[in-house]
1. Normalised by the number of residues in the chain, what is the relative contact order in percent for Cα pairs under 8 Å and 6+ residues apart?
2. Need the full-extension length gain, residue 129 to residue 55, defined as separation in residues times 0.36 nm minus the C-alpha distance. One decimal, nm.
3. Determine the gain in length on full extension of the stretch residue 79-residue 109; use 0.36 nm per residue of separation and subtract their C-alpha separation, reporting nm with one decimal.
4. Between the range 95-154 and the range 31-53, what's the alpha-carbon centroid distance in Å?
5. Neighbouring Cβ atoms within 10 Å as the yardstick, rank 46, 59, 3 fewest first.
6. Would you calculate a helix-derived [θ] at 222 nm for the chain, using -39,500 (n - 2.57) for each DSSP H run of n ≥ 4 and dividing by the full residue count, to the nearest 500?
7. Between residue 9 and residue 87, how high is the FRET efficiency from 1/(1 + (r/R0)^6) when r is the Cβ-Cβ distance and R₀ = 30 Å? Nearest 0.05.
8. Taking 0.36 nm per residue of separation and subtracting the Cα-Cα distance, what length does fully extending residue 176 through residue 153 add?
């Protein structure tokens, strides 16, 4: 590969890093071609992309992100594939968990592709042990929905209290008026 081709590949990868709010680095070594194709098909069906890159290209592209991405160096050992997601930071983690379940990985067997590291909204996560916490991260739309729900909650409580109090008050007045008629 000539220098210009290498630079074009790094530039392409840099653009992907900047256009995706989350990407995961995974190790798919040891997987059969059929299993990798099955994983890529699952990625495609969920609007994600999985592609294998050389670690040196990944490192050069990470340098263009700005900020300190040196923590990712520990993830850049061995074969590295990158799982890109535009929708949310937890979608790739959920995809990996679903793929593991479908493959029936047992206890003591390292599931593949193994999570090596993740970059989600400028936060870095290293190691396969981070998969569970990554899958519980809330996405931007989920957080906005939570905030809207919290903002609406006090207004709903006031309206509910007023409407239930109004019904109680009307019931009390009706009962009192009926008692006066019976007494009178």
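1. The normalised contact order for the chain reaches 27 percent.
2. 24.5 nm
3. Stretched fully, the residue 79-residue 109 segment lengthens by 8.9 nm.
4. Here the answer is 18 Å between Cα centres.
5. Final ranking by Cβ density, sparse to dense: 3, 46, 59.
6. -18500 deg cm²/dmol
7. Efficiency computed from Cβ-Cβ geometry: 0.75.
8. Extra length available between residue 176 and residue 153 comes to 4.8 nm.
Every number in this text was worked out from the coordinates using simple rules, so none of it is lab data. All of these numbers come straight from a predicted model, not from anything done at the bench. With ideal geometry, Cβ positions are generated from the backbone for all residues, glycine too; neighbour counts draw on all protein chains shown.
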